1. Suppose the chain between Arg94 and Gln207 were pulled fully straight at 0.36 nm per residue; how much longer would it get relative to their current alpha carbon spacing?
2. Kindly state, to the nearest 0.05, the FRET efficiency for Val167 paired with Ala232, given R0 = 30 Å and r defined as their beta-carbon distance.
3. What is the spin-label model distance, in nm, from Glu68 to Ser183 if the labels are put 7 Å beyond Cα along the C-beta direction?
4. Taking a spot 7 Å from the Cα of His199 along the direction of its beta carbon, which residues of the stretch 216-240 have an amide N less than 13 Å from it?
5. Taking the alpha-carbon centroid of each part, what is the distance from the stretch 197-249 to the stretch 133-169 in angstrom?
6. At 0.36 nm per residue, and after removing the present C-alpha to C-alpha distance, how many nm does the segment from Phe318 to Asn127 gain when stretched out fully?
7. Which values of log₁₀ I(q)/I(0), to two decimal places, follow from the Debye formula for the stretch 142-226 at q = 0.16, 0.18, 0.25 Å⁻¹ with a uniform point scatterer at every Cα?
8. In percent, how large is the relative contact order of the stretch 146-289, given Cα pairs closer than 8 Å and 6 or more residues apart?
Amino acid sequence: MKSKESLNQGSRTKVFLICLAAAFIFWFFSRLSSSAVREVEVPVAYKNIPVSVKLIQPLPEKIKLLLEGKGFGFLSANIYDELQHPEIDLSFLRSAPVMTDTLNKKIPVIQIFEKLRQTPDNIIRINRTIPDSIELVYTGNYYKKITVLPDIVMNFRKQFMQNGDVVVRPDSIEISGPEAELSKINFIRTKSVTLRDIHHPVTFKAQLIVPGNNIGLSAKEAWVLIPASEFAEGTTLVPVKDFVYTAERVTLLPSRVKITYRAPLPVFKEIDASDFTAAVRQLPSGLQSSNHLTVDLVKIPRQATVVSYSPRWVEYYFVN
């Protein structure tokens, strides 16, 4: 038989459990009728931005909402589904045929979430949004075609050299942005690339450097080809181009210069003295006071690289 003390202990436990259940039921119904607050971040997207308009200030990618609602449905609901991530239509932005001014419009964030869904067991209400409004700062969007210039630091293996021009594809791109900024940009460079020990043609892809936060590019990268081959070294004698000064013919001594050059093997045999032109440098006000004139190479074949030439100056005499 159970003792009297055991019976009393069981009775007390039952009373405790009944009180606990009553307290839970009271708390449960209290929670159903009381308001709760939740903070969520909702991603937003933008669509139908007119091509004639350039936004010159970043738009927020997320909006913070402080929401209020009632009941467990509100506390447990997937708020992101309720909010239906909005796409903000910017088709109302329009620019005049020529627009260089900066304009400003604001979209109240509360308007974006007007169509909050109402669930059977709770109503979601927006207490606050951060930011309060989305600011649109924009101007006219203009276009300009500019040259792409590769930025390359390179050296070649012994007995190798560049064989022709560096090829860039595309060699020009279209940029877009505010007219005032486009007017300052005349070319665009690739990111710097260092190549060492080149001994065969090299092809690589280089990223383009965006020249400003408000500038758009029609391409983000370019292909660069560096032609390379073995070279041979040769020498040739080239006559110094003579000239007439104040109706008197001038004789130059010596009359020829010796040029040492390098050229890629595929084109080396095609180069001769006629591909070079040497001439004296004449001062705008007349001949120099001494009888020496500096010699310049004014024409060099595109495939060749001049190692040296001599003499660097010649003497001149008037012919009577």
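Read the figures in this text as sums done on the coordinates, not as results from a lab. Since the structure is predicted, the reported quantities are computational estimates derived from the model, not experimental observations. Quick reminder, even Gly has a Cβ in these numbers, built from the backbone with ideal geometry, and neighbours come from all protein chains shown.
1. On the way: separation 113, 0.36 × 113 = 40.68 nm, distance 3.24 nm.
In short, 37.4 nm is gained.
2. Working: r = 23 Å, r/R0 = 0.77.
Efficiency computed from Cβ-Cβ geometry: 0.80.
3. 5.3 nm
4. Inside the label zone: 229-231.
5. Centre-to-centre distance over Cα atoms comes out at 14 Å.
6. Values: separation 191, 0.36 × 191 = 68.76 nm, distance 9.76 nm.
Here the segment from Phe318 to Asn127 would lengthen by 59.0 nm.
7. Treating every Cα as an identical point scatterer, log10 I(q)/I(0) equals -0.63, -0.74, -1.17.
8. Details: 266 pairs, mean separation 35.8, N = 144.
Contact order relative to length: 25 percent.
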